Amino acid sequence: MKSGPSNPLRLERVLQDLEDGVVSAEDHRWLMSQLRKHPEAREAYRKHMAFAAALHGMAKAWEPEHEREVPEPVVIEPFRWQPWVAAAALIAMLAVAAVFVLGRRGPPANVTAGSGGSWAYVSGGIGSDGEFRPGTSLRVDRGSVELVTRQRTRAVVEAPALVTMDTAQQVSLANGNAWFEGEQDTPLTVVTGLLRAVSSGARFGVAITTAGHRLQVKAGELRVTPAFPGAPTIILGSGQAATVDDSGRWTSDLMDAGLFLDRLPRQATYIHWSFDEAKTGVFPASGHGMGEDPIKVTGTDLQAAAPRLVAGAFGRGLDLTGGDVFAESRFAGISGGGPRTVALWIKGSPIIRRTTPNRAEYTPSVVQWGDESIDGGSWTFRAHCATGIIGSQWGRGGLLTAGKIGTRSVLDEQWHHIVSVFTGEVNELGEADVRHYIDGQRVPTTNPVMRDRIDTRIGTSPETRLRVAWDPRSSTANVPVMVDELFIVRGALSDAQIKTLWQENRIAEGE
């Protein structure tokens, strides 16, 4: 069990300084460290901010009534109503009042889980007035959920996430991805450990990764202030994106259409290539919620090549063992630090480790996407690693292999099903929860290296898009394997779902 904050009295003082806008840089760094390491510190932060927001709301509500000038009463001679006229007038006034109230407030707040979504209240809930109680916290464990307030502010939150409804107009996001949309002229503030974003009717997303907090604005305007003394406030408009790191530094980003879910998925979100048949030289895709970008075969000379088909695990498969071709797609992959699953069938002979011009040995990838020039910016799935049977890598300094070499093989001229699952969880030590499976069974981790943090990025060149059996460090060689039934899933499949995928070649809806 982890201990609580190292100095509770200092934590209370720093939280008050943060609220007052006078926290020092040293205290802010200390606070960020406490929030990352201690759940008790995060809970104290949420309670403090919720209480401060509630006091602010009371002050704003009190101000108009007690500071406005009270006009002299106007005396109007009484008018004698006939009973039926009075009744009709009363009904009309009630109708107008009902339309006014319902039009402004709408139906009660609600929480809806998407396909396979799992969530629970940590505190609070929906009150008798139909709105979230101040300080209500929800934990999203799997999939995604949609939160709608009575003021019709809507948020789609992806697991793993912890979100707190500080007030009806302020939301705190401790981790995870969230997409926000509000009614025009309805103010909304989103608070994270690194920033405060204020909008009025904007459509925008906030993603918390281990490399920084990312924002994207699809429509409207967002005013963002880092939680650091002296750090500049920026205005993000439609089509703009930026990231703030844990030192308060801003960097501009490319807009990434795949970073957020802006609609609650009603079924599993994935893309699938069966490789059963090539149409006009390309393999079509199927799936739900991730587009249908096809895959084509390209020679190592970067010219189009004719696909070679073989008997696959299900139907037909794609033969890339000739050493002169690879497969590629315009599909950008899954970005950010959210959960993902990569699954495919593979067949081939052992892959000989290769050497870079600097004489560093490496194993080329089977599936890869993202920007390798950014720390943690790419995602790679490998077979026949030096320290394990299969492995996942992010950037150039993050690696986790699984399966003890010699106990089994996935490159023995037989079809084998291999799966990599990132749950989206990263512990206080920076260790990512990545799980691997061979033929429906989970295999133990053999070697973790965590120098890079997971923050997959799209790029501007074709090399950052999805590629299969491609060696980016060689212009003359691919990865000589056969592949079949490639699935990329936005989410972490469970053990049971992976077993169904291995046996039946389909994504089972979450339990």
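Is region 357-511 best put as rounded, prolate or oblate by its Cα gyration tensor, with a ≥ b ≥ c the root eigenvalues, rounded for a/c under 1.5, and otherwise prolate when a/b is larger than b/c, oblate when not? Because its axes are fairly even, with a/c under 1.5, region 357-511 counts as rounded.
For ILE405, nonlocal amide neighbours, meaning residues 5 or more places apart or on other chains whose placed amide H falls under 5 Å from its own, are ILE389.
Altogether, the Stokes-Einstein calculation at 20 °C and 1.002 mPa s, with the Kirkwood radius of region 132-235 over Cα pairs as Rh, returns a diffusion coefficient of 157 µm²/s.
Phi angles across region 436-451 convert, under the Karplus curve 6.51 cos²θ - 1.76 cosθ + 1.60 with θ = phi - 60°, into 3J(HN,Hα) values of 10, 9, 10, 6, x, 10, 6, 10, x, 5, 10, 7, x, 10, 10, 6 Hz, Gly and Pro given as x.
Using the average count of surrounding beta-carbon atoms within 10 Å as a protection proxy, the listed peptides 192-198, 234-240 rank, highest first, as 192-198, 234-240. A 1.4 Å probe run over region 210-358, with the rest of the protein chains in place, finds 45 Å² accessible per residue. Hydrodynamic analysis of region 268-406 uses the Kirkwood radius over alpha carbon pairs. Inserted into Stokes-Einstein at 37 °C and 0.692 mPa s, it gives a translational diffusion coefficient of 198 µm²/s. Is the shape of region 102-143 rounded, prolate or oblate, going by the alpha carbon gyration tensor and its root eigenvalues a ≥ b ≥ c, with a/c under 1.5 for rounded and a/b larger than b/c for prolate? The shape class here is oblate.
Once C-alpha pairs closer than 8 Å and six or more residues apart are averaged by separation and normalised to the residue number of region 358-466, the relative contact order reads 31 percent. When restricted to Cα atoms, region 185-257 yields an Rg and a Dmax of 11.2, 33 Å, respectively. Per-residue 3J(HN,Hα) values for region 425-434, derived from phi via the Karplus relation 6.51 cos²θ - 1.76 cosθ + 1.60 with θ = phi - 60°, read 8, 9, 7, 5, 8, x, 8, 7, 8, 10 Hz in sequence order (x marks Gly and Pro). Entry note, region 294-406: relative contact order of 14 percent, from Cα contacts under 8 Å with a spacing of 6+ residues.
Once backbone amide H atoms are built at 1.01 Å from N, ASP471 has VAL479 as its partners under 5 Å, excluding neighbours fewer than 5 places away on the same chain. Note that region 315-329 has calculated 3J(HN,Hα) couplings of x, 10, x, 9, 9, 10, 7, x, x, 10, 9, 9, 10, 8, 9 Hz, one per residue in order, obtained from phi through the Karplus relation 6.51 cos²θ - 1.76 cosθ + 1.60 (θ = phi - 60°); glycine and proline are x.
With an a/c value of 1.5 or above and a/b not larger than b/c for the gyration tensor axes a ≥ b ≥ c computed over the alpha-carbon atoms, region 412-494 is described as oblate.
The values are calculated or read from the model by the stated rules, or taken from the named source; none is laboratory data. The structure displayed is predicted, hence computed values, not measured ones. Glycine also receives a Cβ, built like all others from the backbone with ideal geometry; neighbour counts cover every protein chain displayed. Keep in mind that these areas ignore ligands, DNA and RNA; they rest on the heavy atoms of the full protein, side chains included. Shrake-Rupley method; radii C 1.70, N 1.55, O 1.52, S 1.80 Å.
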